[in-house]
1. Could you identify the single residue in Asn73, Asn100, Asn57, Asn69 that is farther than 22 Å from Pro117 by Cβ and among the polar types (S, T, N, Q)?
2. Against the conditions (1) under 23 Å from Asn102 (Cβ atoms); (2) at pLDDT 95 or above; (3) among the β-branched types (Val, Ile, Thr); (4) more than 20 Å from the chain's Cα centre (by Cα), where does Ile17 fall short? Just the number, please.
3. Return the pair list, or none, for Cβ contacts closer than 6 Å from residues in the stretch 49-74 that are more than 19 Å from Leu107 (Cβ to Cβ) and in a loop (DSSP other than H, G, I, E, B) to residues that are open to solvent by less than 70 Å² (accessible area, probe 1.4 Å) and among the β-branched types (Val, Ile, Thr), at least 6 apart or on different chains.
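The values are calculated or read from the model by the stated rules, or taken from the named source; none is laboratory data. Computed from a predicted model, the values in this text were never measured in an experiment. Cβ atoms come from the backbone with ideal geometry, glycine included; neighbour counts cover every protein chain shown. Surface areas here come from the heavy atoms of the whole protein model, side chains and all, with no ligands, DNA or RNA. Shrake-Rupley method; radii C 1.70, N 1.55, O 1.52, S 1.80 Å.
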Amino acid sequence: MKKLFFILPLLFFASAIFAQSQDPSSKRILGNWYSNTTRTTKWVFTQDGKLYNYDQNIMKVMYKYSISNSCQNNSSDTSEFVTLRDKDGDEYCFKINGINENKSGVLSLTNMSNMQPLIFVNDINLKIAP
């Protein structure tokens, strides 16, 4: 019985620590992301579900975004997608390949309309191979 009193809190504590390290994509995507190919292009994801697209520090367009397991004609139980919606209601779909995996500072997306990979970094000075 004494072992049970020791093991139960230990299991609870371990699961709480693991749950904290697994932030959802909606939290990990927040912040500034700079295009790896054109560092003057910046996407800013905010907590209120908005994405601001900047070029040379001038805001070009604002989108509302959502993250889910489906986007337009794409759906997956194991993948997540970002849907961007502009003021006219047009939608743009991106598959999430990775968000800051192993604290890499990299956001990897695939534009589902043309299957073009998009790479962003969260530090303008971060150097990664294109």
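1. Numbers: Asn73 fails: farther than 22 Å from Pro117 by Cβ; Asn100 fails: farther than 22 Å from Pro117 by Cβ; Asn69 fails: farther than 22 Å from Pro117 by Cβ.
Only one candidate qualifies: Asn57.
2. Here Ile17 meets the rest and fails (2).
3. If the second residue must be open to solvent by less than 70 Å² (accessible area, probe 1.4 Å) and among the β-branched types (Val, Ile, Thr), the pairs left are Gln56/Thr40.
Here is a yes/no grid of residues against (1) in contact with a Ser or Thr (Cβ under 6 Å, 6 or more places away or on another chain); (2) exposed (fewer than 14 other Cβ atoms within 10 Å of the Cβ); (3) closer than 19 Å to Ser26 by Cα:
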residue: Lys60; (1), (2), (3): no, yes, no
residue: Cys71; (1), (2), (3): yes, no, yes
residue: Glu80; (1), (2), (3): yes, no, yes
residue: Asn100; (1), (2), (3): no, no, yes
residue: Thr110; (1), (2), (3): no, no, yes
